[in-house]
Amino acid sequence: MKAIVVTDQAAGAAGMRLVDRPEPAAAINDVIVEVHASGYVPTEAEWPSTWTDRASRNRAPSVLGHEVAGVVTALGYGTTGLSVGQRVFGISDWHRDGTLAEYVAVESRNLAPLPGDVDFAVGASLPISGLTAWQGLFVHGRIRAGQTVLAHGAAGAVGTMVTQLAREAGAHVIGTGRAADRQKALDFGSHEFVDLDNDSLADAGGVDLVFDVIGGDIQRQSTALIRPGGTLVSITGPVEARPENALAVDFVVESDRAQLGEIVQRVRDGRLRTNIDGVAALDDAVAALNPTQRRKGKTVIRVRP
Ligand SMILES: NC(=O)c1ccc[n+]([C@@H]2O[C@H](COP(=O)([O-])OP(=O)(O)OC[C@H]3O[C@@H](n4cnc5c(N)ncnc54)[C@H](OP(=O)(O)O)[C@@H]3O)[C@@H](O)[C@H]2O)c1
């Protein structure tokens, strides 16, 4: 089968290649998914799990991509809950070969049914950004109606989901980003926008939840804005600036079938809009995902036309 792999950690994402690889076999509790569309996070080449398996053994060449939408073609021993021929979407396991390939083996519990009226490209764009936003806001951030959310990177893949879900939950959303991101952030539902290059973050005033996708100085400045009892949610690694009288959480997104169902239902009824900025074929994926070609929002790879 065709797959996009990296082999050289020093070269990172610039070392991506389209190669021929054996089709995966289904282990216990796995399903094999015939991949129709795949989503990729631009930082994958920096993740330790891209290079080693759970026992810290080198696993390169590693197939990239961890978001998938496709059709189940085989079940491993003991797999329940999904059936052959079913449309599915979800997150593939971080330590195993990913979804930028014609087939992927995924633990069944990490997938959810993809309704027949949702395009595969849309399905592949949702799992990581949608679940990260959901878990950051509702599981870790315990956001409530009437609270204020500072949504960093509000024009990006995660930030557009954070903005829409927080707004739907009745929060006031202050989006941030670069000057050029203002209109997109407002279009996705930010009530206000802070241009991090030219405005002062302090002018945002007190907030109940900071959803940080940037880290560093931006995180340090944001922490000072959190009201007592509020929360800093970081998705960029361990918290760098711990707020006083507030909770600080960093987390890595986990696949969750029920939450995927909530997210896709919102897409179907128009409450949630995905942030796809480009769709390319698998044969063109190396060029489309090249770090120098970065776009705002997600680039989805359509593996099967
Ligand atoms: N922990 C987890 O589970 C998890 C899950 C998903 C993503 N992540 C991480 O979260 C980060 C964001 O992911 P994403 O997919 O949303 O990325 P993305 O689509 O690139 O969005 C990030 C947005 O923030 C903006 N931004 C970054 N640094 C900025 C700065 N200093 N000033 C102003 N704007 C800035 C970016 O603008 P530019 O493009 O112009 O820089 C972009 O619009 C990545 O590091 C990713 O690895 C973590």
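The values are calculated or read from the model by the stated rules, or taken from the named source; none is laboratory data. Quick caveat, the model's predicted, so the values are computed rather than measured. Here the Cβ is made from the backbone with ideal geometry for all residues, glycine too, and neighbour counts use every protein chain on show.
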Filter result for residue 98 (within 12 Å of the ligand (Cβ to nearest atom) and closer than 27 Å to residue 5 by Cα): no
Residues (at pLDDT 95 or above and among the polar types (S, T, N, Q)) located in region 10-55: 29, 38, 49, 50, 52
Matching residues in region 8-49 - criterion: being within 16 Å of the ligand (Cβ to nearest atom) and touching a residue at least 12 places away in the same chain (Cβ under 8 Å): 12, 13, 38, 39, 40, 41, 42, 44, 45, 46, 47, 49
Single unsatisfied condition, residue 182 versus (1) within 14 Å of the ligand (Cβ to nearest atom); (2) farther than 20 Å from residue 253 by Cβ; (3) in contact (Cβ under 8 Å) with a residue 12 or more places away in the chain; (4) not in a helix (DSSP H, G or I): (4)
So residue 102, is it closer than 16 Å to residue 28 by Cβ and touching a residue at least 12 places away in the same chain (Cβ under 8 Å): no
Which numbered condition residue 139 fails, given (1) surrounded by fewer than 22 Cβ atoms within 10 Å (Cβ to Cβ); (2) touching a strand residue (DSSP E or B) at 6+ places or on another chain (Cβ under 7 Å); (3) more than 11 Å from residue 69 (Cβ to Cβ): (2)
Matching entry among 177, 206, 156 (being farther than 14 Å from residue 233 by Cβ and away from the ligand (no atom under 15 Å from the Cβ)): 206
Residue in region 213-236 that is of a type in the set (Val, Ile, Thr), free of Cβ contacts under 8 Å to residues at least 60 places away in the same chain and within 12 Å of the ligand (Cβ to nearest atom) present: yes
Among the residues listed as 165, 131, 126, the single one being within 21 Å of residue 204 (Cα to Cα), modelled with pLDDT of 95 or more, within 15 Å of the ligand (Cβ to nearest atom) and in contact with a helix residue (DSSP H, G or I) (Cβ under 7 Å, 6 or more places away or on another chain): 165
